[in-house]
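In what follows, a single structure is set out as structure tokens and then discussed.
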Amino acid sequence: MQSTNVDEHTTAEIQSPHLRPTLGHPQFILSPESSPAIPDSGYFASNFMLGVGVLIIQPATGKVVVVRDVREDGSVYWFFPKGRKDVGEDFREAALREAYEESGYRVSLMPLFTPSKAPNPAKPVEDIWKQGLNTEPIYMSNYYWAPDAYNKQIPHIYLTLWYVAELAQDAVYHEGTGVETEENFETHLMEYEEAILKVEAPFKEVLRLGYKLWKEKVQRLAVEAEQSQ
């Protein structure tokens, strides 16, 4: 997540709904949890890629699933399951598939009080912070992929929607669930404090925000249960 300094000119722009971010003035602050807004853009099919990522939490223990890979140069890479959406595949289906392929665990999406801006026809709310439990993405990351960075592909923008999933306490680990390039992946269950030190951006932001939403859900449901007695 980028840190930004809001100068007087930028602050004035933010206050006007008619002004939009441009390449010359990209620093439109959205919130402390997000990067600044990017200029209005458009991409042809060959220049963008849609993907999903999953933060897996085991509610019974509070631990999270972190995958370890050793790259060709010998460096160790810690990450959360993620990957491209297949043709015709739903984003949620893709998230559950990637979680299974890269972690070896079957999981389910975790309902959270995510302040999603997606409308809810069944229970409309004017304030997104009063959204009911939902399984909408909690985060979106944007990454520029250079033309020679991976199999000499055409340069493109990689947009990833991040979900939170839950792992049952008695979940069974399955070996050999990944594709050929994922054969050396190792799956680890870690405490939050250890995981936050292992992963880098954007995984660190996803972990921090997803874990916070989960803890807030637990506390909120506990209060509601107590009040209903």
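No value in this document is a laboratory result; all are computed from the given coordinates. Everything numeric in this text was worked out from a predicted model, so none of it was measured. Here the Cβ is made from the backbone with ideal geometry for all residues, glycine too, and neighbour counts use every protein chain on show.
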Neighbour counts of other C-beta atoms within 10 Å: give me 140, 110 arranged from fewest to most. 140, 110
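Counting Lys and Arg as +1 and Asp and Glu as -1, each charge on the Cβ, what is the dipole of the chain about the Cα centre in debye, to the nearest 20?
480
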What's the FRET efficiency of residue 108 with residue 129 using the Cβ-Cβ distance as r and R₀ = 35 Å, to the nearest 0.05? 0.90
Mind computing the radius of gyration and Dmax over the alpha-carbon atoms of the chain? Å is fine for both. 19.3, 62
If each of residue 196 and residue 226 carries a label point 7 Å out from its Cα toward its Cβ, how far apart are those two points in nm? 2.4
The chain: relative contact order as a whole-number percent, Cα under 8 Å and 6+ apart: 23
Antiparallel DSSP bridges in the range 36-190: what percent, to the nearest 5? 70
When each of 85/130; 130/212; 117/198; 63/204; 82/130 is checked by Cα-Cα distance, pairs over 25 Å: 85/130; 117/198; 82/130
Would you list which aspartates and glutamates come within 16 Å of residue 215, measuring only between C-alpha atoms, while excluding same-chain residues fewer than 8 positions from it? 166, 191, 193, 205, 224
